[in-house]
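*Asks:* Below you'll find the structure I mean.
Nothing in this text is a laboratory measurement; each read-out follows from the coordinates by a stated rule. Just so we're clear, the structure is a prediction, and the values are computed from it rather than from any experiment. Cβ coordinates were reconstructed from backbone atoms using ideal geometry, including for glycine residues, and neighbour counts include every protein chain displayed.
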């Protein structure tokens, strides 16, 4: 090849790289992530490359609990929340309509366990009614405390029959190990960790479905993944591709929970020797919800209004986003 041809070929190669570079740049999406097992679709989509397949580069913003996620969404500091308690998301929507649009919601019940009452080792307790006079810890936030009290009320216990204190999720296992509380309203994977360590046993799981919805097998849609309306409106194609990646992760979790569980390791508070026993919740993309599913969801939100956690009722369909 002549010198001139080599120069020309080099220029063409350089131009090809230059023109290809912008197309390869990934779209960044800021995601609020609470490192609990219900954030699993985020970790699966990230580590299996589903976001990358959709040309998405997620930027994780670690936010512990619903209120920080809500504040970040209202202030447009994040585009999405990996898991946002639906009561807190709806409350945010009452204040700023459309700030939290759910692309996916998570079901928990007797089979798909998340929330549960645990009791410390050695405590003779056989039912929720036996927690009278006991000191109880609760997962933080008004939604969790309301659900705990609702279950206790259904068992015949009134305010004053027990004490209940909110405690950061990261402290639940240590608090139960130390015997600081008699019982706890906790979430997975903490309950599995306590059982594995032998410091507590599960008294009852799936209490929201049973005591709030009246059916232990109903879908209690307590949390889900949400996008901000500003993100959807300003970058609709990016939001659509983010949702496609999320949906692929949801399919893997629902159809192959054994494989999905391994993504809890290092990403959540789940020890290696506990991960295989952690119960899985059921994930539903908004587009796949049936009329019965939506009715269960509406009933849960309406209960929260009656309990005073939400100031007014809304139509849950207004805050579901299907792509």
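*Asks:* Which length gain, in nm to one decimal place, applies between residue 240 and residue 47 when the Cα-Cα distance is subtracted from 0.36 nm times their residue separation?
*Replies:* Here the segment from residue 240 to residue 47 would lengthen by 67.5 nm.
*Asks:* Simple spin-label model, 7 Å along Cα-to-Cβ: residue 59 to residue 166 in nm?
*Replies:* Inter-label distance under the simple model: 2.9 nm.
*Asks:* Take the Cα pairs of the range 116-205, get the Kirkwood Rh, then feed it into Stokes-Einstein at 4 °C and 1.567 mPa s and tell me D in µm²/s.
*Replies:* Answer, rounded: 103 µm²/s.
*Asks:* If you don't mind, another one. Using a/c under 1.5 as the rounded threshold, could you call the range 176-227 rounded, prolate or oblate? The axes a ≥ b ≥ c are square roots of the C-alpha gyration tensor eigenvalues, and prolate needs a/b larger than b/c, oblate otherwise.
*Replies:* prolate
*Asks:* Determine, for 137, 60, the number of other Cβ atoms within 10 Å of each Cβ, and report the residues in order from fewest to most.
*Replies:* So the residues, fewest neighbours to most, are 60, 137.
*Asks:* Taking the beta-carbon count within 10 Å as an exposure proxy, list 39, 104, 81, 127 from fewest neighbours to most.
*Replies:* 127, 39, 104, 81
*Asks:* Any idea how far the Cα center of the range 195-266 sits from the one of the range 83-121, in Å?
*Replies:* One Cα centre to the other: 9 Å.
*Asks:* Please compute the length gained on full extension between residue 306 and residue 255, using 0.36 nm multiplied by the number of residues separating them and subtracting their Cα-Cα distance.
*Replies:* Length gained, residue 306 through residue 255: 14.8 nm.
*Asks:* By how many nm would the segment from residue 110 to residue 295 lengthen if fully extended, with 0.36 nm per residue of separation less the alpha-carbon distance?
*Replies:* Contour length minus Cα-Cα distance gives 64.8 nm.
*Asks:* Next up: According to a simple spin-label model (label point 7 Å from Cα along Cα-to-Cβ), what is the distance in nm between residue 202 and residue 315?
*Replies:* Distance between the two pseudo-spin positions: 3.7 nm.
*Asks:* A further question on this structure: Starting from the 7 Å offset along Cα-to-Cβ, what nm value, one decimal, do you get for the label separation of residue 28 and residue 71?
*Replies:* The two pseudo-label positions are separated by 2.3 nm.
*Asks:* Follow-up question, since we're still on this one. In whole Å, what are the extents of the chain along the principal axes defined by its C-alpha atoms, from largest to smallest?
*Replies:* Over the chain, Cα extents along the principal axes are 92, 43, 32 Å.
*Asks:* In degrees from 0 to 90, rounded to the nearest 10, what is the angle of the helix 236-255 Cα long axis to the longest principal axis of the chain?
*Replies:* Relative to the chain, helix 236-255 is tipped by roughly 50 degrees.
*Asks:* I would also like to ask the following. If neighbour count is taken as other Cβ atoms inside 10 Å, put 126, 149 in order from fewest to most.
*Replies:* Exposure proxy ranking, most exposed first: 126, 149.
*Asks:* I've got another one for you. Would you work out the relative contact order for the chain, in percent, from Cα pairs under 8 angstrom that are 6 or more residues apart?
*Replies:* Reported relative contact order: 26 percent.
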